[in-house]
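Notes follow the structure.
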Amino acid sequence: MSNNLENLISKIKKLEQELFQELQKKQEEFFYTIDKKKVRFQKEIKLRHRLLSRKLRRYLLEASPLNILTAPIIWLGVFPALFLDLFITAFQAICFPIYKIPKVKREDYIIIDRHALAYLNIIEKLNCVYCGYFTGLISYIQEIASRTEQYWCPIKHARRMQTIHGRYKYFFDYGDAESYRKRLEKVRQSFYDLENK
């Protein structure tokens, strides 16, 4: 890996740490703590949140008719998502031990906690469960796919990608045939950065 690339990766890691620290400041700002993966608000804050909850009837009356009409289309996505979740979890359970790839912890990606917010009504809570599940599932799938890609085809693309996953930094440059042939087996097993996670 070139020094410039290593420097960029180092900067990204520092920015991620700064982001994490900023998110921790929000816990103080909004008076909550996280205890054993459970979010706990101070009593007074919970009461204030309940007062800010929009009643279901008002929520439905103020909703856009198009939002109501398209909601079933969004919710139909839960069926392929559940199937994909089952498939990708089975894929990882079967294939990763064979390839000696560390398994992805599902609970690190699929986080469902917004339904516990007292200022949300039942529809908003259900929507938050759905979105937390669906976006978390996509992240979970991307991590499994990126580890699989590192094993089977760790070559960067020639064309620019809109988003780059976390394993991409270990891939060979497009067109670097010598490195690919000399170091493929080493890259296939280079998951040392995941050992402390």
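The values are calculated or read from the model by the stated rules, or taken from the named source; none is laboratory data. Source: prediction; values computed, not measured. FYI the Cβ positions are ideal-geometry reconstructions off the backbone, even for glycines, and counts take in every protein chain you see.
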Take the residues of the stretch 132-165 that are modelled with pLDDT under 95 and under 30 Å from I73 (Cβ atoms): which is surrounded by the most Cβ atoms within 10 Å (Cβ to Cβ)? H165
Are there any pairs, at least 6 apart or on different chains, whose C-beta atoms fall under 8 Å, with the first in the stretch 144-159 and farther than 17 Å from C95 by Cα and the second surrounded by fewer than 19 Cβ atoms within 10 Å (Cβ to Cβ) and among the small types (G, A, S), and if so, which? A158/G175
Please go through (1) assigned to a helix (DSSP H, G or I); (2) farther than 25 Å from F171 by Cα for F96 and return the number of the only condition it doesn't satisfy. (2)
Name the one entry in N121, N196 that is at pLDDT below 95, in contact with a helix residue (DSSP H, G or I) (Cβ under 9 Å, 6 or more places away or on another chain) and polar (S, T, N, Q). N121
Tell me the residue from K125, K103 that is of a type in the set (D, E, K, R), within 17 Å of L86 (Cα to Cα) and either free of Cβ contacts under 8 Å to residues at least 60 places away in the same chain or surrounded by 15 or more Cβ atoms within 10 Å (Cβ to Cβ) (or both), please. K103
Looking at the stretch 59-83, I want the residues that are within 22 Å of F134 (Cα to Cα) and have a partner that is of a type in the set (A, V, I, L, M) with Cβ atoms under 8 Å, at least 6 apart or on another chain. Which pairs are those? I68/L60; A81/L137
Only one of R40, R48, R54 that is in a strand (DSSP E or B) and surrounded by 12 or more Cβ atoms within 10 Å (Cβ to Cβ): R40
Failed item, numbered, when V129 is tested on (1) assigned to a loop (DSSP other than H, G, I, E, B); (2) at pLDDT 95 or above: (1)
